[in-house]
Amino acid sequence: MGETSIQLKKGVIEILILKLLSREKMYGYQLLQELDIKTGGIFKMKEGTLYPVLYRLEDNAFISSLWEEGDKNMEKRPVPRKYYKITPDGIIELEKLVKSLRDMIRGINLILEEEI
Amino acid sequence: MKDKIESFIHKILWEIEADENLKKRIAQDLRTQIMEASQNRDLDEVLSNMGSPSEIAHEFMASMQDNNIEDLKGLITAPNKNYLVNRYFIEYRSKINIFGLPLVHIKYSTRLSRSWKPGIARGIVAIGNIASGIIAIGGISIGIIAIGGISGGVLAIGGLAAGLMAAGGISAGFYAVGGIAIGFFTIGGASLGYHSIYGANGARAWNFIIKSFSDLFGIK
């Protein structure tokens with residue numbers, strides 16, 4: 001993966017995480033899988049990349065975390081999970097970020113699709 | 001299983017330069033993630049897919065630096081991924097690798113940090129608190145050419161040096177040169193070897209050692 005591609009992805013990863021968490025609370029491993037599967041492998045990430053983004057979002061109070069015990073009836077070896085969920089501030093931030101991204105994409109397209 | 005997970009996490013944290021609280025946070029997340037991933041897969045496969053502890057630690061450091069994590073703010077200042085530096089720590093790893101080792105690896109941390117641990121450098125040229133490589137320079141160094149406080153190698157130079165050719169305050173080797181030199185061919189203030197050259201004080205020291213042994217074992 002090229003450096004340019006990595007930098008572009010870094011810019012939007014926060015939006016994708018907030019969007020996924022706005023639908024339901026998720027734990028780290030689940031987020032990694034969802035990002036990978038739902039983006040067709042484009043946002044396949046390593047834990048070393050994901051967690052620091054989560055820490056920053058949490059430190060800025062856009063998401064919060066809570067521990068839940070695993071379901072003994074459903075799992076072979078129930079494990080406690082640290083779930084992340086979006087906060088009201090996070091929802092406002094997500095709306096702002098999505099608007100900024102859409103504006104940016106519209107601006108980029110005006111140049112890229114310009115007929116000369 | 002639990003021991004293997006904890007050992008793996010410990011190796012990662014060992015290479016992460018961060019506040020203890022942040023380390024705890026990382027450990028918690030990694031622990032639950034590994035346990036979660038190994039629900040339906042073999043633990044060794046899960047760990048292998050994650051990469052080496054060193055790679056994971058480096059990725060965390062680079063990403064935390066990008067994200068300005070509060071606990072690291074003001075500590076890490078260099079933006080380049082292969083160059084990490086803060087008040088207590090410096091690491092440089094060249095992008096060129098030879099036989100899986102970086103051409104140059106520098107890893108040094110000062111004792112000022114609350115959670116000090118020595119920087120371990122491994123590379124063709126390695127410089128660190130502890131260094132191992134072809135050319136190793138460090139507090140403790142092991143290499144073909146090793147220079148350091150305590151050094152061991154084919155050519156070892158240091159306060160305490162041991163190797164095929166050793167030079168130092170106290171040196172031991174086939175060829176040894178030093179204040180105190182022990183080996184086959186030796187030159188030193190006090191020198192003990194099959195072929196030895198020593199100074200006046202060395203002669204006195206050598207005679208003292210011989211006399212002490214003689215007295216101890218009653219040899220006339």
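Observations on the structure shown:
- Coarse-grained scattering of segment B:138-185 at q = 0.14, 0.28, 0.33 Å⁻¹, given as base-10 log I(q)/I(0) from a Debye sum over alpha-carbon atoms: -0.21, -0.80, -1.06
- Derived scalar couplings between HN and Hα for segment A:82-88 equal 9, 8, 10, 9, 6, 9, x Hz in order, rounded to whole Hz, by the Karplus curve 6.51 cos²θ - 1.76 cosθ + 1.60 (θ = phi - 60°), x for Gly and Pro.
- Net charge dipole size for segment A:33-110 [Lys, Arg +1 and Asp, Glu -1 on Cβ; Debye, nearest 20]: 260 debye
- Cα convex hull of chain A, projected area averaged across orientations, nm²: 9.2 nm²
- Residue exposure proxy: A:Met45, B:Met64, ordered by other Cβ atoms within 10 angstrom of their Cβ from fewest to most, comes out as A:Met45, B:Met64.
- Mean Cβ neighbour count within 10 Å, used as a protection proxy, ranking B:9-18, B:159-168, A:103-112 highest first: B:159-168, B:9-18, A:103-112
- For B:Ile147, distant residues with modelled amide H under 5 Å away: B:Ala136, B:Ile137, B:Gly138, B:Ile157
- At R0 = 22 Å, FRET efficiency that the Cβ-Cβ distance of A:Ser5 and A:Lys99 yields, to 0.05: 0.35
- Ranked A:Thr87, A:Thr39, A:Thr49, B:Thr186, criterion: other C-beta atoms within 10 Å, fewest first: A:Thr39, A:Thr87, A:Thr49, B:Thr186
- Of A:Lys44/B:Lys11; A:Lys19/B:Lys4; A:Lys9/B:Lys107, those spanning more than 27 Å from alpha-carbon to alpha-carbon: A:Lys19/B:Lys4; A:Lys9/B:Lys107
- Across peptide B:20-31, the mean count of Cβ atoms from other chains lying within 10 Å of each residue's own Cβ comes to 3.
- 0 to 90° range, to nearest 10: angle between helix A:47-59 axis and chain A longest Cα axis: 90 degrees
- Remark: mean inter-chain Cβ contacts per residue of B:166-176 equal 0, using a 10 Å Cβ-Cβ cutoff to other protein chain atoms.
- Note: segment B:1-62, Cα convex hull, 71 Å³ per residue.
- Partner chain coverage, peptide B:58-65 - average Cβ within 10 angstrom: 5
Rule-based calculations on the coordinates, nothing more; no lab input. Here the structure is a predicted model, which is why all the values come from computation and not from measurement. Cβ: placed from backbone, ideal geometry, glycine included. Neighbour counts: every protein chain shown.
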